[in-house]
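The values are calculated or read from the model by the stated rules, or taken from the named source; none is laboratory data. Note that this is a predicted model, so its numbers are computed, not measured. With ideal geometry, Cβ positions are generated from the backbone for all residues, glycine too; neighbour counts draw on all protein chains shown. Areas reflect the complete protein model, heavy atoms only, side chains present, ligands, DNA and RNA absent. Shrake-Rupley method; radii C 1.70, N 1.55, O 1.52, S 1.80 Å.
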Amino acid sequence: GPILNSDVLATMKEAYPTCKNLLETCYSTGTIEDCSNADNYCFDNYYLPFAENLNCSMDDIRAEIGSGPSEDYLNYLSKPEVLKAIVIIDHFLNFKINSPRTYLPELSEIVGKGIRTLLYHGDADADCDWIGGLNVSNSIKWNNQKNFNSAPFRDFIANNGTAGQIKSSNCLTYVKIHQAGHEVPFYQPQNSLIMFTRWIKGTL
């Protein structure tokens, strides 16, 4: 039978058209106001009932609602010297505010220029779920899109085991990390380091 009870399913079904319309408006305008409206409505009326019914965290569906890793790391990453060292571009700092907006145009531009790009998702993340991440990866418009979309998954082997799955073609790589929530390196630090190291070296 269904995992969610019938009342929650009815609530989500009723909220979906409004959520979809608000998201489309966000995609169209890209403004903080429109995207915040979409984010707030969809979370409160679509995602939150789902999480409350299952008593699970959106960041990690294996954990109880309200739980998750500490955000102390944000204080470190916000330091000017750290931002400078990791070469953060200013206009990407607003990502968390208008997160519902689509970044497909920017991704298409980046990948279209041949810039190596890594997209990765934890398989226990309901906030940015791996299926949605894969759909985004397949939807990036660039000259190698057909080859990427038809590329098969292969195992990501790390620490003598299968740590995830990889789909790659030319300069675009998508990785699904097993047993990981929203902040993948928190849940799988060793495998994340292996993933990044191999990607930087071009051996992933």
task: Filter the range 45-87 for residues that are in contact (Cβ under 8 Å) with a residue 24 or more places away in the chain, open to solvent by 60 Å² or more (accessible area, probe 1.4 Å) and at positive phi and give the result.
output: none
Yes/no for P152 being within 15 Å of the chain's Cα centre (by Cα), open to solvent by 30 Å² or more (accessible area, probe 1.4 Å) and not β-branched (V, I, T): no
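Of all residues in the range 127-149 being hydrophobic (A, V, I, L, M, F, W, C) and either farther than 26 Å from Q190 by Cβ or open to solvent by 60 Å² or more (accessible area, probe 1.4 Å) (or both), which is farthest from the chain's Cα centre (by Cα)? Spell out the reasoning first.
Going through the range 127-149, the residues hydrophobic (A, V, I, L, M, F, W, C) turn out to be 128, 130-131, 134, 136, 140, 142, 148.
This time we only want the ones that are either farther than 26 Å from Q190 by Cβ or open to solvent by 60 Å² or more (accessible area, probe 1.4 Å) (or both), so: 128, 130-131, 136, 140, 142, 148.
Details: C128: 4, W130: 7, I131: 9, V136: 9, I140: 15, W142: 20, F148: 18 Å.
If we take residues in the range 127-149 being hydrophobic (A, V, I, L, M, F, W, C) and either farther than 26 Å from Q190 by Cβ or open to solvent by 60 Å² or more (accessible area, probe 1.4 Å) (or both), then W142 is farthest from the chain's Cα centre (by Cα).
Condition test on T197, is it crowded, with 18+ Cβ neighbours inside 10 Å and touching a Leu at 6+ places or on another chain (Cβ under 9 Å)? First the steps, then the outcome.
Numbers: crowded, with 18+ Cβ neighbours inside 10 Å: no; touching a Leu at 6+ places or on another chain (Cβ under 9 Å): yes.
Here the answer is no, as T197 does not meet what is asked.
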- prompt: So which residues in the range 25-83 are assigned to a loop (DSSP other than H, G, I, E, B), of a type in the set (S, T, Y) and within 17 Å of D125 (Cα to Cα), if there are any at all?
  reply: S57, S67, S70
- request: Could you give me the residue pairs with C-beta distances under 8 Å whose first residue belongs to the range 123-147 and is farther than 19 Å from E106 by Cα, whose second residue is aliphatic (A, V, I, L, M) and open to solvent by 60 Å² or more (accessible area, probe 1.4 Å) wherever it lies, and which are 6+ apart or on separate chains?
  value: A124/I61; D125/I61; A126/I61
- request: Would you please name the residue that is surrounded by the fewest Cβ atoms within 10 Å (Cβ to Cβ), looking only at residues in the range 170-185 that are out of contact with any Gly (no Cβ under 9 Å at 6 or more places or on another chain) and touching a residue at least 40 places away in the same chain (Cβ under 8 Å)?
  value: T173
